[in-house]
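Below is one structure, written out as structure tokens, with a few remarks after it.
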Amino acid sequence: MLKSVILIGGPQKGTRFRPLSFEVPKPLFPVAGVPMLQHHVEECAKVPNMKEILLIGFYQPNEELTRFMSSAQQEFKISIRYLQEYAALGTGGGIYHFRDQILSGGPEAFFIMNADVCSEFPLPEMLNFQKEHGESSSFVILGTTANRKQSMNYGCIVENQQTNEVLHYVEKPSTFVSDIINCGIYLFTPEIFQHIGAVFQKNQQDMLLDEQTNGNGWHRAEAIRLEQDIFTALAGQGKLYVYKTPAIWSQIKSAGSAIYASRLYLNQYHKTHPERLLGPNVSIGTGVTIGAGVRVRESIILHGATLQDHSCVLNCIVGWDSTIGKWARVEGTPSDPNPNDPYAKIDSETLFRDGELTPSITILGCNVTIPAEVIILNSIVLPYKDLNRSFKNQIIL
Ligand code: GDD
Ligand code: GTP
């Protein structure tokens, strides 16, 4: 059985994200249309045998976080819990503090991930890599390549090129060390806690020595950084390996990097989530309101229109200031030229054939209101109409 832990930090973190982080905790800021964390959750939930996702941070439990967790649990059918640190314990201290919760149920391995990264999350690949490298008790860091100058803003990894063992690890070095950087995504076995425990014991002893000078001892012993305190010591011991991914990866520290990360994810959506893209062939006028989960393709939405949540608009022209209610489906039939005929032109079809309206795109005049949960198919709706039910193949006067 496997688990995942996402390190979400707390309110003192994410300062580069202000003022956006005043409105919403940074880990919930939308990237490519969904909360930053949802990308992690979604990939974790896909891994066979993944039993639980734990969020560890020092945010007070809040409404946004609770709402996110309950909707993600439902959507991805996986248990998600929040564990709150009493203070910022660092990237290693939090997981050590909650080790009993992480180990309960007996996972043979677990992922740890920074919340503020955008990635393809090659989790199955990391599991395979762990099996192939060293013993299956080794620890794996996800790595990627950076340029020489930028590498120094990250954890830097020197590997054995034959075995991929991590030979040296330096967190944010001041001079160039390596162009392989730490992506903030790890695969550990329970044995990692012996290594963190040893650092904890040592911190405690060091503190006993200068107890008089500082009262706040417990917190200082428990504040442990995975990078500086654990990885640096484990490097060269035959325990730590780096799996290098050629796939997309970026840190999300600032508002600008959120836009860049959105673009990376949106490019992926063509493969992974075409339903999340508006389009293809959609044009949207000014002042148009598009709700959550709306699907639009092959359509023109004229200015001032409102597409409420989860409505679906296919092959339509939606007139100025019209409103389409929640979960309504407004659909037409395309009248494209025959794609198999290189000289084909678009038909200007007759409106009626055999007394019936011929299937065509659906057109809503201006100020039309379509109620929630109805289907409007192959119809033409004249301006200022308030519809109250579904219609098919009609001209609504
Ligand atoms: N729960 C908890 N408690 N989470 C924390 C704490 C803490 O005290 N401190 C940081 N985090 C979380 C942050 O929210 C973030 O998701 C992650 O841990 C790492 O944050 P930082 O400590 O600010 O490190 P960084 O982002 O500058 O660098 C880390 O990530 C890089 C990749 O993005 C390092 O791991 C680098 O080596 C790595 O290259
Ligand atoms: P076929 O027509 O047989 O290809 O089925 P389909 O569902 O794949 O195609 P359709 O054109 O009906 O839908 C295309 C996309 O729109 C799919 O990604 C659906 O998930 C999405 N979709 C379909 N109906 C709705 C709806 O009522 N609301 C929303 N928001 N999306 C919808």
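Rounded if a/c is under 1.5, else prolate if a/b beats b/c, else oblate: with a ≥ b ≥ c from the C-alpha gyration tensor eigenvalues square-rooted, which is the stretch 295-397?
Note, shape of the stretch 295-397 comes out prolate.
Work out, in µm²/s and without decimals, the Stokes-Einstein translational diffusion coefficient of the stretch 62-175 at 10 °C, 1.306 mPa s, Rh from Kirkwood over C-alpha pairs. Write out the running numbers ahead of the final one.
Details: Rh = 17.2 Å.
The diffusion coefficient I find is 92 µm²/s.
Output needed for the chain: three equivalent-ellipsoid semi-axes, defined as square roots of 5 times the C-alpha gyration tensor eigenvalues, in descending order, whole Å. Don't skip to the answer; put the middle values down first.
Numbers: eigenvalues 555, 106, 66 Å².
Over the Cα atoms of the chain, the ellipsoid semi-axes are 53, 23, 18 Å.
With a point put 7 Å past each Cα toward its Cβ, work out how far ASP179 is from VAL47 in nm, to one decimal.
2.9
What does the net charge come to around VAL31 if you take all other residues with beta carbon closer than 13 Å to its beta carbon, with K and R at +1 and D and E at -1?
Net charge in that neighbourhood comes out at +2.
Taking the number of other C-beta atoms within 10 Å as the exposure measure, put MET36, MET152, MET126 in order starting with the fewest.
Numbers: MET36 25, MET152 17, MET126 21.
With the sparsest Cβ surroundings first, the list reads MET152, MET126, MET36.
Shape of the stretch 162-204 from its Cα gyration tensor (a ≥ b ≥ c, root eigenvalues): rounded if a/c is under 1.5, otherwise prolate when a/b > b/c, or oblate? Don't skip to the end; give the middle numbers.
Working: a/c = 2.42, a/b = 1.51, b/c = 1.61.
It is oblate, given that a/c is not under 1.5 and a/b is not larger than b/c.
In the stretch 73-113, which trypsin sites (Lys or Arg not before Pro) fall in coil by DSSP and have 10 or fewer other Cβ atoms within 10 Å? Kindly include the intermediate steps, with their values, before the conclusion.
Numbers: sites: LYS77, ARG81, ARG99; in loops: LYS77.
Loop-located and lightly packed - LYS77.
Skipping prolines and chain starts, which residues have an amide H placed within reach, meaning under 5 Å, of the one on ASP309, given they are 5 or more residues away or on another chain?
GLY291, ALA292
Take the chain, mark every one of the GluC sites (Glu not before Pro) that falls in a DSSP loop and has at most 15 other Cβ within 10 Å, then report the longest stretch left between them, sites excluded.
It runs 192-348.
Alpha carbon centre of the stretch 91-128 versus the stretch 244-273: separation in Å?
Result: 21 Å between the Cα centres.
Each reported figure results from applying straightforward, stated rules to the coordinates on display, with no laboratory input. Being a predicted model, the structure only gives us computed values, none of them experimental. Note: ideal-geometry Cβ built from the backbone for every residue, glycine included; neighbour counts use all protein chains shown.
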